[in-house]
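The values are calculated or read from the model by the stated rules, or taken from the named source; none is laboratory data. Since this is a predicted model, take the numbers as computed values, not measurements. Here the Cβ positions follow ideal geometry from the backbone for every residue, glycine too, while neighbour counts run over all protein chains shown. With ligands, DNA and RNA removed, areas are computed over all heavy atoms of the protein, side chains included. Shrake-Rupley method; radii C 1.70, N 1.55, O 1.52, S 1.80 Å.
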Amino acid sequence: MVAVAAIQIYFARHQGEPQASGTAITGDMAGVPIGGPFTLVNHEGEMVTEQDYADKHKLIYFGFTYCPAICPTELQKISEAYAQLSEDLQDQLYLLFISVDPERDTVPVMAEYVSLFHPDLIGLTGSVEQVEAVKQQYRVYAAKFQDDSMSDYTVDHSSFIYLMSPDNTLRSIYKIETPVEEMVADLQAKFN
Ligand code: NI
(Lines give C-alpha, C1' and ligand atoms only; values in the text may rest on other atoms or scores of the structure.)
Protein backbone atom coordinates (compact mmCIF):
# COMPACT_ATOMS: atom_id res chain seq x y z
CA MET A 1 0.00 0.00 0.00
CA VAL A 2 1.14 3.49 -0.65
CA ALA A 3 0.42 6.41 1.58
CA VAL A 4 -0.61 9.41 -0.46
CA ALA A 5 0.72 11.56 2.34
CA ALA A 6 4.15 10.02 1.87
CA ILE A 7 4.19 11.01 -1.77
CA GLN A 8 3.15 14.53 -0.86
CA ILE A 9 5.90 14.66 1.74
CA TYR A 10 8.34 13.43 -0.87
CA PHE A 11 7.45 16.11 -3.37
CA ALA A 12 7.27 18.80 -0.72
CA ARG A 13 10.89 17.99 0.06
CA HIS A 14 11.78 18.13 -3.62
CA GLN A 15 10.25 21.42 -4.66
CA GLY A 16 12.49 23.25 -7.05
CA GLU A 17 14.09 20.06 -8.27
CA PRO A 18 13.71 18.60 -11.76
CA GLN A 19 10.49 19.17 -13.60
CA ALA A 20 8.25 16.35 -14.60
CA SER A 21 7.75 15.60 -18.28
CA GLY A 22 4.73 13.45 -18.82
CA THR A 23 4.14 11.41 -15.69
CA ALA A 24 7.77 10.60 -15.01
CA ILE A 25 10.59 12.81 -13.77
CA THR A 26 13.22 12.52 -16.46
CA GLY A 27 15.07 15.82 -16.71
CA ASP A 28 18.63 16.62 -15.76
CA MET A 29 19.05 15.36 -12.23
CA ALA A 30 22.72 16.05 -11.77
CA GLY A 31 23.32 16.72 -8.14
CA VAL A 32 20.04 15.32 -6.82
CA PRO A 33 21.16 13.50 -3.68
CA ILE A 34 19.37 10.18 -4.15
CA GLY A 35 21.18 6.86 -3.97
CA GLY A 36 24.43 5.79 -2.41
CA PRO A 37 26.34 2.94 -0.81
CA PHE A 38 24.51 -0.02 0.69
CA THR A 39 25.13 -3.46 2.08
CA LEU A 40 22.28 -5.95 1.64
CA VAL A 41 21.64 -9.66 1.02
CA ASN A 42 20.42 -10.87 -2.37
CA HIS A 43 17.68 -13.48 -2.82
CA GLU A 44 20.36 -16.17 -3.15
CA GLY A 45 21.66 -15.33 0.31
CA GLU A 46 24.83 -13.54 -0.80
CA MET A 47 25.99 -10.30 0.79
CA VAL A 48 26.09 -7.56 -1.82
CA THR A 49 26.90 -3.86 -2.01
CA GLU A 50 26.25 -1.16 -4.61
CA GLN A 51 29.64 -2.10 -6.08
CA ASP A 52 28.19 -5.43 -7.25
CA TYR A 53 25.87 -3.45 -9.56
CA ALA A 54 28.33 -0.74 -10.64
CA ASP A 55 28.78 -2.08 -14.19
CA LYS A 56 25.24 -1.34 -15.41
CA HIS A 57 22.27 0.98 -15.08
CA LYS A 58 19.72 -0.08 -12.49
CA LEU A 59 15.96 0.10 -12.09
CA ILE A 60 15.39 0.14 -8.33
CA TYR A 61 12.06 -0.32 -6.59
CA PHE A 62 11.39 -0.42 -2.85
CA GLY A 63 8.45 -2.39 -1.50
CA PHE A 64 7.55 -5.58 0.34
CA THR A 65 6.34 -9.01 -0.64
CA TYR A 66 3.15 -8.90 1.44
CA CYS A 67 2.02 -5.73 -0.34
CA PRO A 68 -1.51 -6.36 -1.64
CA ALA A 69 -1.62 -4.07 -4.63
CA ILE A 70 0.89 -1.44 -5.57
CA CYS A 71 4.14 -3.38 -5.32
CA PRO A 72 3.00 -6.26 -7.55
CA THR A 73 1.66 -3.76 -10.09
CA GLU A 74 4.90 -1.80 -10.19
CA LEU A 75 7.08 -4.91 -10.35
CA GLN A 76 4.93 -6.18 -13.20
CA LYS A 77 5.44 -2.83 -14.92
CA ILE A 78 9.21 -3.07 -14.49
CA SER A 79 9.16 -6.60 -15.92
CA GLU A 80 7.04 -5.55 -18.89
CA ALA A 81 9.22 -2.52 -19.66
CA TYR A 82 12.32 -4.69 -19.44
CA ALA A 83 10.79 -7.29 -21.74
CA GLN A 84 10.15 -4.59 -24.34
CA LEU A 85 13.82 -3.52 -24.44
CA SER A 86 16.24 -5.00 -26.94
CA GLU A 87 18.56 -7.69 -25.65
CA ASP A 88 21.39 -5.21 -25.97
CA LEU A 89 19.66 -2.75 -23.61
CA GLN A 90 18.58 -5.50 -21.23
CA ASP A 91 22.25 -6.43 -20.91
CA GLN A 92 22.96 -2.91 -19.63
CA LEU A 93 20.36 -2.99 -16.88
CA TYR A 94 19.86 -4.59 -13.46
CA LEU A 95 16.41 -4.87 -11.94
CA LEU A 96 16.57 -4.48 -8.16
CA PHE A 97 13.68 -4.92 -5.72
CA ILE A 98 14.66 -3.79 -2.22
CA SER A 99 12.48 -4.85 0.70
CA VAL A 100 11.26 -2.29 3.22
CA ASP A 101 10.00 -5.17 5.41
CA PRO A 102 13.16 -7.14 6.23
CA GLU A 103 11.61 -8.89 9.23
CA ARG A 104 9.15 -10.82 7.05
CA ASP A 105 11.06 -10.63 3.75
CA THR A 106 13.69 -13.24 4.47
CA VAL A 107 15.95 -14.60 1.72
CA PRO A 108 13.65 -17.56 0.85
CA VAL A 109 10.57 -15.31 0.82
CA MET A 110 12.33 -12.88 -1.51
CA ALA A 111 13.55 -15.70 -3.76
CA GLU A 112 10.06 -17.06 -4.23
CA TYR A 113 8.52 -13.62 -4.73
CA VAL A 114 10.93 -12.30 -7.37
CA SER A 115 10.52 -15.53 -9.35
CA LEU A 116 6.87 -14.58 -9.87
CA PHE A 117 7.87 -11.55 -11.95
CA HIS A 118 11.01 -12.00 -14.03
CA PRO A 119 14.02 -14.32 -13.91
CA ASP A 120 16.31 -11.27 -14.06
CA LEU A 121 14.68 -9.50 -11.11
CA ILE A 122 17.02 -9.41 -8.10
CA GLY A 123 15.52 -9.28 -4.62
CA LEU A 124 17.49 -7.52 -1.89
CA THR A 125 16.82 -7.62 1.84
CA GLY A 126 18.99 -7.39 4.94
CA SER A 127 18.98 -6.52 8.59
CA VAL A 128 16.61 -3.84 9.85
CA GLU A 129 19.60 -1.49 10.13
CA GLN A 130 20.86 -2.23 6.61
CA VAL A 131 17.42 -1.64 5.13
CA GLU A 132 17.00 1.56 7.14
CA ALA A 133 20.30 2.82 5.75
CA VAL A 134 19.41 2.17 2.10
CA LYS A 135 15.94 3.69 2.62
CA GLN A 136 17.63 6.87 3.79
CA GLN A 137 19.98 6.87 0.79
CA TYR A 138 16.99 6.74 -1.55
CA ARG A 139 14.73 8.95 0.60
CA VAL A 140 12.17 6.18 0.81
CA TYR A 141 9.32 6.58 3.26
CA ALA A 142 8.10 3.33 4.81
CA ALA A 143 6.34 2.74 8.10
CA LYS A 144 4.56 -0.21 9.66
CA PHE A 145 0.84 0.21 10.11
CA GLN A 146 -1.64 -1.98 11.97
CA ASP A 147 -5.10 -1.46 13.44
CA ASP A 148 -7.50 -3.72 15.36
CA SER A 149 -9.08 -5.07 12.18
CA MET A 150 -5.77 -6.45 10.91
CA SER A 151 -4.23 -9.77 11.91
CA ASP A 152 -0.77 -8.58 10.92
CA TYR A 153 0.87 -5.28 10.06
CA THR A 154 1.18 -3.74 6.63
CA VAL A 155 3.77 -1.22 5.50
CA ASP A 156 2.85 2.17 4.10
CA HIS A 157 5.54 3.21 1.71
CA SER A 158 6.41 5.61 -1.06
CA SER A 159 6.38 4.09 -4.55
CA PHE A 160 8.91 5.29 -7.10
CA ILE A 161 10.95 3.40 -9.65
CA TYR A 162 14.43 4.90 -9.78
CA LEU A 163 16.65 4.67 -12.84
CA MET A 164 20.23 4.94 -11.62
CA SER A 165 23.35 5.12 -13.76
CA PRO A 166 26.25 2.71 -13.21
CA ASP A 167 27.92 5.28 -10.93
CA ASN A 168 24.69 5.69 -8.94
CA THR A 169 23.53 9.00 -10.34
CA LEU A 170 19.76 9.40 -10.52
CA ARG A 171 18.60 9.51 -14.17
CA SER A 172 14.79 9.21 -13.94
CA ILE A 173 11.96 8.56 -11.53
CA TYR A 174 8.90 6.66 -12.76
CA LYS A 175 5.71 7.04 -10.79
CA ILE A 176 2.64 4.87 -10.26
CA GLU A 177 0.91 6.83 -13.05
CA THR A 178 3.78 6.32 -15.51
CA PRO A 179 2.68 3.88 -18.22
CA VAL A 180 4.98 1.10 -19.40
CA GLU A 181 5.32 2.77 -22.84
CA GLU A 182 6.63 5.98 -21.29
CA MET A 183 9.14 4.02 -19.22
CA VAL A 184 10.36 2.12 -22.27
CA ALA A 185 10.69 5.33 -24.33
CA ASP A 186 12.66 7.03 -21.56
CA LEU A 187 14.94 4.03 -21.05
CA GLN A 188 15.66 3.87 -24.77
CA ALA A 189 16.40 7.60 -24.82
CA LYS A 190 18.65 7.40 -21.76
CA PHE A 191 20.70 4.52 -23.14
CA ASN A 192 21.23 6.11 -26.59
NI1 NI B 1 3.68 -1.85 -1.72
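So the values come out like this:
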quantity: Contour excess over end-to-end distance, with Cα ends at residue 51 and residue 112 and 0.36 nm allotted per residue; calculated: 19.5 nm
quantity: Spacing of the two label points (7 Å from each Cα toward its C-beta) at residue 80 and residue 151, in nm; calculated: 3.1
quantity: Contact order relative to length of segment 42-149, as percent, for alpha carbon pairs under 8 angstrom and 6 or more apart; calculated: 32
quantity: Antiparallel bridge percentage (DSSP; both residues within segment 17-97; nearest 5); calculated: 50
quantity: Where segment 33-133 is the region considered: accessible area per residue in Å², 1.4 Å probe; calculated: 42
quantity: Under 23 Å between alpha carbons - lysine pairs in the chain that sit 8 or more apart or on different chains; calculated: 15
quantity: Segment 87-130: translational diffusion in µm²/s, Stokes-Einstein, Kirkwood Rh over Cα pairs, 10 °C, 1.306 mPa s; calculated: 141
quantity: Rounded to 5, percent antiparallel among DSSP beta bridges of segment 64-192; calculated: 65
quantity: Hydrodynamic radius (Kirkwood) for the chain, which is based on Cα pairs only, to one decimal in Å; calculated: 16.8
quantity: Carbon + sulfur, % of accessible area of segment 64-126 - ligands and nucleic acids excluded, 1.4 Å; calculated: 53
quantity: Residues of segment 167-192 with amide N under 20 Å of a point placed 7 Å along Cα→Cβ from residue 30; calculated: 167-173, 189-192
quantity: 222 nm mean residue ellipticity, helices alone, for the chain (DSSP H n ≥ 4; -39,500 (n - 2.57); rounded to 500); calculated: -9000 deg cm²/dmol
quantity: Coarse-grained scattering of segment 37-96 at q = 0.13, 0.17, 0.28 Å⁻¹, given as base-10 log I(q)/I(0) from a Debye sum over alpha-carbon atoms; calculated: -0.41, -0.70, -1.18
quantity: The chain, relative contact order [Cα under 8 Å, separation at least 6], %; calculated: 33
